[in-house]
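Contents: one structure, followed by commentary.
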Amino acid sequence: MADRISRVLGNSKETSSQFVGTKSVIGYPPSPNSMKDGDIVFAQSSNKQLALFKKYRGGVHKSYLSSDGNQYVDRDITIKRNVNVSGTSNLNIVDIDGSTQIDGSVTVGVDDTGYDVKFFGATAGAYSLWDASEDRYTLSNPTGAPTLRLLRNDSSVNTNDSLGKIEFAGLDSAEDVGCMIEGQSRGTWTGGSDIPSGLFIWVADDNSTTLKENVRFDWRGSRFNYPKHDDLDFSVGSDNKERCLFVDAGDECVAIGFDSAPTIDGSAVGQLIINNGTKPSAHTDDQIYIGAENSAGTGTDTLSTLSLFLEEGIDATALDAVGTLSHRIPIWLNGTCYWLYLDPV
């Protein structure tokens, strides 16, 4: 039985035309000259491809079912109801004007080939952008400071609860964090004006992946090494000194005016060392060294001008009851020791 196909020309009555073998009565594809604007024609190709042609504004457009069963359309498709796709949709450009619900994972690009992703705000010129070529995320707001909010969506926030964290990690094969900025609640939040909080900076040392709190800022002020780690020293540099102010956490000493970290005797604590002063040979706790060499008088450094320290066991006997004044402070001046005697009150 010969193949048959229907065609409609304009608004004329539907007719039945016969195909003989692979030859259409109107040819495939139909000639634009054989159709007038608005005509719809069915035709079949030599490889049994069935196609629907429509002439619109002088052009002929095709929708066809290929020999392998795939459907193709040259122009737009308008669908009034839902579309259910069970396979993979390969789309070159997508323009979505309404709300979108995505119930699965979303991946943009592949490894080593990324693409920009941009989100616009409600203010003109406001956006966030993942720039794939720069490997950088940008928040932009032309009318004010762009804001990144980390929200703890909790009906009850208590003391020491974490409000949000920004973590900095290195290896892609592990999740070890090298440093972290964290916001914490420093009390129970009740809303309104009662929102006690603190900002913490945590850093891991070179021997462990355990983070240590270095700095905290809260309503009581700014504090360094609040947990009292013995290896978190503190330095403030100046234009001439690397350590204009230096606090040795392990030895509990303070140094002022050093080019590098001073060597402080761990057997004595509570020392104040000024202008490259070093400990004297007969040192005790709670001493002050100002440009000092040592208490034996062997120093030759011209910068060693003064060593001031309090001896242990100063005799507290009244001066009129002893033959020799024993309330004294040794002061070193350029390598020579002088005694400053005091009359106790």
Subset of the range 163-189 [part of a strand (DSSP E or B) and of a type in the set (Gly, Ala, Ser)]
GLY164, ALA169, GLY178, GLY183, SER185
Residue hits (the range 53-79; on the phi > 0 side of the Ramachandran plot and over 52 Å from the mean Cα position of the chain (by Cα)) are ARG57, GLY58
Within the range 190-219, track down each residue that is assigned to a loop (DSSP other than H, G, I, E, B) and within 15 Å of ASN160 (Cα to Cα).
THR190, ILE195, PRO196, TRP219
Condition first: modelled with pLDDT of 85 or more and farther than 30 Å from PHE53 by Cβ. Can you find one or more residues in the range 76-96 that meet it?
yes
Look at TYR137 and say whether it is of a type in the set (Ser, Thr, Tyr) and at pLDDT 85 or above.
yes
Could you list, in sequence order, all residues of the range 42-75 that are of a type outside the set (A, V, I, L, M, F, W, C), over 14 Å from PRO32 (Cα atoms), modelled with pLDDT of 75 or more and assigned to a strand (DSSP E or B)?
SER63, TYR64, GLN71, TYR72
In the range 45-80, what residues are in contact with a Ser or Thr (Cβ under 9 Å, 6 or more places away or on another chain) and farther than 28 Å from LEU91 by Cα?
SER46
Residues of the range 163-173 satisfying the condition of being within 17 Å of ASN214 (Cα to Cα) and touching a residue at least 24 places away in the same chain (Cβ under 8 Å)
none
Determine if the range 142-161 includes at least one residue that is over 14 Å from the mean Cα position of the chain (by Cα) and outside any loop (DSSP other than H, G, I, E, B).
no
Working carefully through the options ASP131, ASP176, find the one that is under 17 Å from the mean Cα position of the chain (by Cα), within 25 Å of ALA204 (Cα to Cα) and either free of Cβ contacts under 8 Å to residues at least 24 places away in the same chain or surrounded by 10 or more Cβ atoms within 10 Å (Cβ to Cβ) (or both).
ASP176
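The values are calculated or read from the model by the stated rules, or taken from the named source; none is laboratory data. Keep in mind that what you see is a predicted model, and the values were worked out from it rather than measured. Methodologically, a virtual Cβ is constructed for each residue, glycine included, from the backbone with ideal geometry; neighbour enumeration extends over all protein chains shown.
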